[in-house]
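Down below is the structure, laid out as structure tokens.
The values are calculated or read from the model by the stated rules, or taken from the named source; none is laboratory data. In this text the structure is predicted, and so the values were computed from the model without any measurement. In this analysis, Cβ positions are derived from the backbone assuming ideal geometry, glycine residues included, and neighbour counts consider all displayed protein chains.
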């Protein structure tokens, strides 16, 4: 069965692109066929770091978005990762509903997972509520508690939405914190996580211990995904 991973959250700065990059790297490391799609014209993260596996889709064009499902159908075990830029959710929601995506995916035996990436703020909680109100159980939900953007999620616990999401079969992933400087250095290299861990001789690279810290963080992140069945 192919799978489509829609990395959403609507709000900018919560770490959607980081999660998308981690997923792509995990699938590459596990020898899973992967196709990534970027929706951000100005800062296309997947195209920058994983250009060999990525292409652009225009959320303003239904025909362009159709490529997402078509790609998932090309191989029974393909993982399709879509990094949704901030403010693209309304266009995606229209495409999902107008195309009857959930029904089509069910007929084609393609699983759809909506990744709701959260920081510790109230906006992320309300956006999760809005997503469940609109789509309910029509697609799987993965709730990412991104400790890189905040370590306390009291607002989610107090809202009652965590229990509601669990009733809908949601999976929960905790993305552990990593030093901001390490992420900035990786981004400055313009490299995939693998390339940052395996620098070309004489080229820019992370320090020896920094590579060990990042490798440990990657392993913990991948273990979280696998515990959630990803």
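Can you name the strands (runs of 3 or more DSSP E) wholly within the stretch 1-58 that have at least 3 residues being under 13 Å from residue 86 (Cα atoms) and touching a strand residue (DSSP E or B) at 6+ places or on another chain (Cβ under 9 Å)?
Those strands (runs of 3 or more DSSP E) span 2-8.
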For this session: Considering only the stretch 103-137, state which residues are part of a helix (DSSP H, G or I), in contact with a strand residue (DSSP E or B) (Cβ under 9 Å, 6 or more places away or on another chain) and closer than 18 Å to residue 167 by Cβ.
Result: 125, 128, 131, 132, 135
Exercise. Which condition breaks for residue 61 when tested against (1) at pLDDT 95 or above; (2) farther than 17 Å from residue 111 by Cα; (3) crowded, with 18+ Cβ neighbours inside 10 Å?
Worked result: (3)
For this session: Consider residue 19 carefully, then state whether it is touching a residue at least 40 places away in the same chain (Cβ under 8 Å), crowded, with 22+ Cβ neighbours inside 10 Å and in contact with a helix residue (DSSP H, G or I) (Cβ under 8 Å, 6 or more places away or on another chain).
Result: no
